[in-house]
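Here's the structure, in structure tokens; my notes come after.
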């Protein structure tokens, strides 16, 4: 435990630091950057939130006495009519949702192909490159479908890319220096998307309500059983959100290319 009073920590970097339960008073956080942080249960009083950009999972967020979570979700559903289909409750809904995922990602990949291939390895504002995003989605499928649902304890490909804040785990690759071609990653991605399609096409009401067999061995997700529906919802969420990130960054790269 440490006390910082009248201290100048401008430009400091906090990585893998536990600040839970900390008390911030008269603190200047202007232009600070937060990535992969847990802000659950945070209480803010007397704050100034001007020109703030928040992107993440928003639920039970109260601003000036108003829970804005439902307002945000309603507006996102309005902007993206397909978004509501990413919350299915029965097998046919999951099949329809995966149709949407395949269609939208097909459009995004075609947009990426129109750019200089080298740009697909470039980061925009410190985010993953387009190629890294595809590699992360391979990791997500390996984690929640091939490992959790299908029971393969070590489904990883060498190009799998976990999220940056995931602790290094024996047997799980994390090669940030790899620069595979778009076609190489798309071939791997096509294989994983076909696996998801097979699982979803085989869903029944009973199997969707079931839990997986307990996962074994080190990796992600952690060794235990999981509800099948939650595993598939994780996949839909990953696919939806990362495509939006990719579309945003492809726009910036297209401007750079021109």
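Please verify whether residue 103 is assigned to a helix (DSSP H, G or I), in the same structural domain as residue 193 (by TED's automatic domain parsing) and more than 20 Å from the chain's Cα centre (by Cα), treating the condition exactly as stated. No; evaluated as a whole, the condition is false for this residue.
Within segment 149-163, one or more residues are in contact (Cβ under 8 Å) with a residue 40 or more places away in the chain, buried (at least 17 other Cβ atoms within 10 Å of the Cβ) and within 25 Å of residue 15 (Cα to Cα). Checked against (1) farther than 30 Å from residue 198 by Cα; (2) within 19 Å of the chain's Cα centre (by Cα), residue 116 meets all criteria but (2). Scanning segment 116-131 for residues that are under 23 Å from residue 55 (Cβ atoms) and either free of Cβ contacts under 8 Å to residues at least 40 places away in the same chain or not in a helix (DSSP H, G or I) (or both) returns 122, 123, 124, 125, 126, 127, 128, 129. Take the conditions in contact with a strand residue (DSSP E or B) (Cβ under 8 Å, 6 or more places away or on another chain), surrounded by 15 or more Cβ atoms within 10 Å (Cβ to Cβ) and at pLDDT 95 or above and apply them to residue 228. Does it pass? Considered against the rule, which asks whether it is in contact with a strand residue (DSSP E or B) (Cβ under 8 Å, 6 or more places away or on another chain), surrounded by 15 or more Cβ atoms within 10 Å (Cβ to Cβ) and at pLDDT 95 or above, residue 228 comes out as yes.
Scanning segment 170-188 for residues that are outside any loop (DSSP other than H, G, I, E, B) and either more than 23 Å from residue 153 (Cβ to Cβ) or touching a strand residue (DSSP E or B) at 6+ places or on another chain (Cβ under 9 Å) (or both) gives 182, 183, 184, 185, 186, 187.
Please verify whether residue 191 is free of Cβ contacts under 8 Å to residues at least 12 places away in the same chain, assigned by TED's automatic domain parsing to the domain that holds residue 227, surrounded by 11 or more Cβ atoms within 10 Å (Cβ to Cβ) and assigned to a helix (DSSP H, G or I), treating the condition exactly as stated. It is true that residue 191 is free of Cβ contacts under 8 Å to residues at least 12 places away in the same chain, assigned by TED's automatic domain parsing to the domain that holds residue 227, surrounded by 11 or more Cβ atoms within 10 Å (Cβ to Cβ) and assigned to a helix (DSSP H, G or I).
Residues of segment 208-257 being part of a loop (DSSP other than H, G, I, E, B) and touching a residue at least 40 places away in the same chain (Cβ under 8 Å), which ones?
First pass over segment 208-257, keeping only residues part of a loop (DSSP other than H, G, I, E, B): 210, 212-226.
Passing the criteria: 212, 213, 215, 216, 217, 218, 219, 220, 221, 226.
Taking segment 52-79 as the range and being under 18 Å from residue 241 (Cβ atoms) and out of contact with any helix residue (DSSP H, G or I) (no Cβ under 8 Å at 6 or more places or on another chain) as the test, the residues that pass are 53, 54, 55, 56, 57, 69, 72, 73, 74, 75, 78, 79.
Is it the case, given these coordinates, that residue 24 is at negative phi and either in a loop (DSSP other than H, G, I, E, B) or loosely packed, with under 11 Cβ neighbours inside 10 Å (or both)?
Details: at negative phi: yes; either in a loop (DSSP other than H, G, I, E, B) or loosely packed, with under 11 Cβ neighbours inside 10 Å (or both): yes.
Spelling it out, residue 24 is indeed at negative phi and either in a loop (DSSP other than H, G, I, E, B) or loosely packed, with under 11 Cβ neighbours inside 10 Å (or both).
Evaluating residue 70 against the criteria (1) in a helix (DSSP H, G or I); (2) at pLDDT 95 or above; (3) assigned by TED's automatic domain parsing to the domain that holds residue 46 leaves one unmet condition, (2). Kindly evaluate residue 95 against the criterion of being in a helix (DSSP H, G or I), in the same structural domain as residue 168 (by TED's automatic domain parsing), surrounded by 10 or more Cβ atoms within 10 Å (Cβ to Cβ) and modelled with pLDDT of 90 or more. For residue 95, the condition - in a helix (DSSP H, G or I), in the same structural domain as residue 168 (by TED's automatic domain parsing), surrounded by 10 or more Cβ atoms within 10 Å (Cβ to Cβ) and modelled with pLDDT of 90 or more - is met.
Annotation note: Cβ proximity below 6 Å between a residue of segment 168-184 that is assigned by TED's automatic domain parsing to the domain that holds residue 222 and surrounded by 12 or more Cβ atoms within 10 Å (Cβ to Cβ) and a residue that is in a helix (DSSP H, G or I) and modelled with pLDDT of 95 or more (sequence gap 6+ or interchain) occurs for 179/121; 182/120.
The values are calculated or read from the model by the stated rules, or taken from the named source; none is laboratory data. Owing to the predicted nature of the structure, the values given are computational and were not obtained by experimental measurement. Neighbour counts are summed over all protein chains in view; Cβ atoms, including those assigned to glycine, are modelled from backbone coordinates with ideal geometry.
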